[in-house]
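Single-structure report; data block below.
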Amino acid sequence: MSDLLSVFLHLLLLFKLVAPVTFRHHRYDDLVRTLYKVQNECPGITRVYSIGRSVEGRHLYVLEFSDHPGIHEPLEPEVKYVGNMHGNEALGRELMLQLSEFLCEEFRNRNQRIVQLIQDTRIHILPSMNPDGYEVAAAQGPNKPGYLVGRNNANGVDLNRNFPDLNTYIYYNEKYGGPNHHLPLPDNWKSQVEPETRAVIRWMHSFNFVLSANLHGGAVVANYPYDKSFEHRVRGVRRTASTPTPDDKLFQKLAKVYSYAHGWMFQGWNCGDYFPDGITNGASWYSLSKGDHGDYFRLLLPGIYTVSATAPGYDPETVTVTVGPAEPTLVNFHLKRSIPQVSPVRRAPSRRHGVRAKVQPQARKKEMEMRQLQRGPA
């Protein structure tokens, strides 16, 4: 699996060495034509689909690469690339289009590295999450001031600060007890987010994405979670403290794979900033609330792990699993139904014949207190 992840992270940095690169901007209609052009050239391994529409009605098109497009295959990881979340940041958008052309062309050329990647991975590419903002930025031309024009969507909202803030719940649970994964979204989340954000969240719910890369313009650095710090931080004020996830070693490893595959990102110096090894914990750089990290399946470095499976109404089962650097291994769990524990019924004394009472006021009170303690933040 680690070999596969390395290939995934190297892709953006290697394709320009093989396939011819045409540096030009693609307006929305050009972008759509490019995606369908790739699909027409590689119909057996591609699929174009829409995850929704922008505020102004533009489709959010995704190009999928797989040896079985449209089908999830067991043990085949699903990964996604997202570009152009900020409409004025065009680099990620263009890299996604060039990556799409590269994958198609090299597959047709029987490049074995690319053939294996497409056979063993299902890749989803969203070149532009903010097509409305891009059109606003592109319309002003290159010689006009105002580089932030088009950054937000058509409603003036920064999409990278528009996702539900699950970090607050995670930090609360870490302090008082509770899960740090698979957290439910707030009941009113749909009314709190923009159409583009809503589409991406539903997209993440529809696919079991194992890994994701979100490309921005600006600093040359590989940024890994968490983005929101435990304490409030101000951008531009450098602190040494970071806010790591439970999988911090893995995220640092992935970030370094990307950084050291780059021509000079790993050197650390760029645009007035210095990032050791060319990577940074997001919160250590500056705190970002409601950013796009999403949910993810547990990625693991090679080693021996204890894995438990639980389900309501069944006895839990725990197994020891060896995770290697090669292909993934299937582990099946066979859970047995739990045998319900029947509480004895106490007979209360009564003068009337045939009347029974189940008196447990103290137990009921303790149960209610426990439920209150287990609630999350209001």
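The values are calculated or read from the model by the stated rules, or taken from the named source; none is laboratory data. Small disclaimer: the values here were computed from a predicted structure and weren't measured. Because the Cβ atoms are built from the backbone with ideal geometry, glycine has one as well, and the counts that use them run over all protein chains shown. Ligands, DNA and RNA are stripped out before the accessible areas are found, and what is left, the full protein with its side chains, is counted by its heavy atoms. Shrake-Rupley method; radii C 1.70, N 1.55, O 1.52, S 1.80 Å.
Just round it to a whole percent: the fraction of Cα-Cα distances in segment 96-159 exceeding 16 Å. Don't jump to the answer; show the numbers that get you there.
Details: 1226 of 2016 pairs.
It works out to 61 percent of all Cα pairs.
If you take the square roots of the eigenvalues of the alpha-carbon gyration tensor of segment 73-229 and sort them as a ≥ b ≥ c, do you get rounded (a/c under 1.5), prolate (a/b over b/c) or oblate? Oblate shape, in that a/c is at least 1.5 and b/c is the bigger or equal ratio. For segment 209-219, the Karplus equation 6.51 cos²θ - 1.76 cosθ + 1.60, evaluated at θ = phi - 60°, returns couplings of 5, 8, 8, 9, 10, 10, 9, 10, x, x, 5 Hz by residue, with Gly and Pro reported as x. Applying the Karplus relation 6.51 cos²θ - 1.76 cosθ + 1.60 with θ = phi - 60° to segment 112-119 yields 3J(HN,Hα) values of 5, 5, 6, 4, 5, 4, 6, 6 Hz, where x marks Gly and Pro. Relative to the current alpha-carbon distance between THR322 and LEU300, full extension at 0.36 nm per residue lengthens the span by 6.9 nm.
Checking the table LYS37/LYS144; LYS175/LYS253; LYS80/LYS256; LYS175/LYS228 against a 21 Å threshold on Cα-Cα, which pairs fail? All intermediate terms of the calculation are to be shown ahead of the outcome.
Working: LYS37/LYS144 32 Å; LYS175/LYS253 27 Å; LYS80/LYS256 19 Å; LYS175/LYS228 16 Å.
Checking Cα-Cα distances, LYS37/LYS144; LYS175/LYS253 exceed 21 Å.
Pairs of Cα atoms in segment 33-133 fall into 5 Å distance bins, from 0 up to the last occupied one, in shares of 3, 14, 24, 24, 18, 10, 6, 2, 0 percent. The accessible surface of segment 127-285, taken with every protein chain in place and a 1.4 Å probe, is 53 percent carbon and sulfur.
Of the peptides 311-319, 244-252, how do they stack up when ordered by the mean number of other Cβ atoms within 10 Å, highest first? Don't skip to the answer; put the middle values down first.
Numbers: 311-319: 10.9, 244-252: 15.9.
Ranked from most to least packed, the peptides come out as 244-252, 311-319.
With a ≥ b ≥ c taken as the square roots of the eigenvalues of the C-alpha gyration tensor of segment 149-195, please select rounded if a/c is under 1.5 and otherwise prolate if a/b is larger than b/c or oblate if it is not? Don't skip to the answer; put the middle values down first.
Working: a/c = 4.23, a/b = 2.35, b/c = 1.80.
It comes out prolate by the Cα gyration axes.
Amide H contacts under 5 Å for ARG47: GLU64, restricted to partners 5 or more places along the chain or on a different chain, H placed in the peptide plane at 1.01 Å from N.
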